[in-house]
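One structure is given below, encoded as structure tokens.
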Amino acid sequence: MSAMEFRILAVDDQAPILKFLKSALSGPACVVSGASTAEQALALIAREPFDLVISDITMPGLSGLDLLRAIKLRQPETPVILITGSPTVDSAVFGLRHGAYDYLAKPFSAPEVRALVERVREDRARFPRPLSQPAGLAEDLARRQLGLEVFLRIGELALQGMAPQPFVEQVLRDTLQSLAGAAAVMLIRDGEAGFTTHHAGEPALVKQLLSHLRPALDRLVAAGGRQTLALTGPGDPYTALAAMIPGLQQPTGVLCLGRSARTRAFLPDEKELLLGFAQNTALALDRMRLGQNVERNLVNTITAFVNAIESKDRYLKGHSARVSLYAGEIATVMGLGSENTLLVCRGAILHDLGKLAILDPILSKPGVLTPEEYQLMKDHVEVGYKILKPLGFLDREALAVRHHHERFDGLGYPDGLVGEDIPLIARVVTTADAFDAMTSDRPYRKALPFETAIAEIERGSSTQFDPAVAEAFLAIPRQRLLDISGYSSATRAFEDAVATATGGEAGVAMEAGR
């Protein structure tokens, strides 16, 4: 192969488009290869380098965004162009923020494709350094962590007894900061039909948000507070997102955020956070109006948020709920009493809170993690602890979050605690977490047989696990363990675990590095 040849990899699951791309890209000094899936593309990239990758975003299996991330982690100098058929191009904008060179919107012509490739070739000739740098794993981690901190801080503000007006103003400021907004608006119901308007940020954008928001109220109510609603469309100079603030009998109001369309589109996790902000705002306002203690409701909201995120990943779905149920069984056998069992169950259902800030490609990576990825994965315990620590009433549960990867022999992380220096709540959660990890499918391996996993708990007694906790686990009736591990409905398991973790009627009388 000539040193002057420009090697291009085209990736698309639709054969006609792939054929068109290969035809349009072929030319003097160009060598074009094709792949119908991201998995095939990664296999080709592992065998030979490419000067350019052009990939569709939406494909079965790994998406084009997954492929982009994999390329930027392995070969950051390789430019990637994404193909999008989405009218809102949210995914394409997401790709640009994470290192894509540019994107092509369907339908596109052969001259458009060739012109874009020629621009890549010219840039590669002019710039010796990589054409683009991904935003970076650490930046994404920090962004998600800030959003989660704000999510929990909203509930904490209610517990502090803050008055409604300064509370709303603080929520608007936090929303702007954590989600990089230019303006935020909150409508709060003040009667049967009236709303009080609160706002922060750029006055001109606030005015535009209000003009879009009021006609959209019926659609927000129809959504039932289960999803956000985009208020703008393609071509608008700004992008706006709204979430309903639910109430006891009727919606309490609406939280809306806007920013310049040139800045970036709203990512899926940002939409989920805005929804979480609205839900926690509702709890806080109810407490202020009715004088109710919201601790239980706040935990319900946090656990519902955890469940919603886990439900999107077939490998994580129901994990925290099952760990909570296993941990409750261990605490019962150990005779810890109802109050301590409640703490253990609640700590267990929150134990992986920090993983919500970890990038999805790392959580679902089927192969060995890179050193950077491994460190980010380990950091989830400290991220979760940092998020929960300001909530004083969850201080003991926060210890389970921080220390559930410590080992009894001192070889765990993050603090290398030994034996009974590890908080008891964490020692219980460690055993429950390891058992569920072993008996569940993960991206990097299939579930272990049930009896093999039980034997691993026994074998790890006094090394990975507290021997007293391991003994209690081994005393749980096998049928009860089977009942928990074999839940056909993750929602049912979640509801049982939440009931246990929040003090309702309860059914309760060897993973390293990940």
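Throughout, read-outs are computed from the coordinates displayed, never taken from laboratory work. Model, not experiment: these values are computed from the prediction. Every residue, glycine among them, receives a Cβ derived from its backbone with ideal geometry; neighbour counts consider all protein chains shown.
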Quiz item: Can you give the % of DSSP beta bridges in the range 6-126 that are antiparallel, to the nearest 5?
Solution: 5
Exercise. Round to the nearest 0.05 the FRET efficiency obtained for K22 and D409 when R0 = 56 Å and r is the Cβ-Cβ distance.
Key: 0.50
Quiz item: Which lysines does K106 reach when only Cα atoms under 28 Å apart count, and residues fewer than 8 places away in its own chain are ignored?
Solution: K19, K22, K72, K271, K312
Exercise. Using a/c under 1.5 as the rounded threshold, could you call the range 6-126 rounded, prolate or oblate? The axes a ≥ b ≥ c are square roots of the C-alpha gyration tensor eigenvalues, and prolate needs a/b larger than b/c, oblate otherwise.
Key: rounded
Quiz item: Taking R0 as 25 Å, what's the FRET efficiency between R121 and A43 from their Cβ-Cβ distance, rounded to 0.05?
Solution: 0.50
Quiz prompt | Sequence of F151, F393 once ranked by neighbouring C-beta atoms within 10 Å, starting from the fewest | solution = F393, F151
Quiz item: Listed highest first by mean packing, meaning other Cβ atoms within 10 Å per residue, what order do 107-115, 46-54 come in?
Solution: 46-54, 107-115
Exercise. Run the numbers on the range 6-126 and let me know its relative contact order in percent, using alpha-carbon pairs under 8 Å that are six or more apart.
Key: 23
Quiz item: Once a ≥ b ≥ c are taken as the square roots of the eigenvalues of the Cα gyration tensor of the range 1-70, is the result rounded (a/c under 1.5), prolate (a/b larger than b/c) or oblate (a/b not larger than b/c)?
Solution: oblate
Quiz item: Once you charge only the Cβ atoms, +1 for Lys and Arg and -1 for Asp and Glu, what is the size of the charge dipole of the range 6-126 about its Cα centre, to the nearest 20 debye?
Solution: 220
Exercise. Take L104, L353 and order them by how many other Cβ atoms sit within 10 Å, fewest up front.
Key: L104, L353
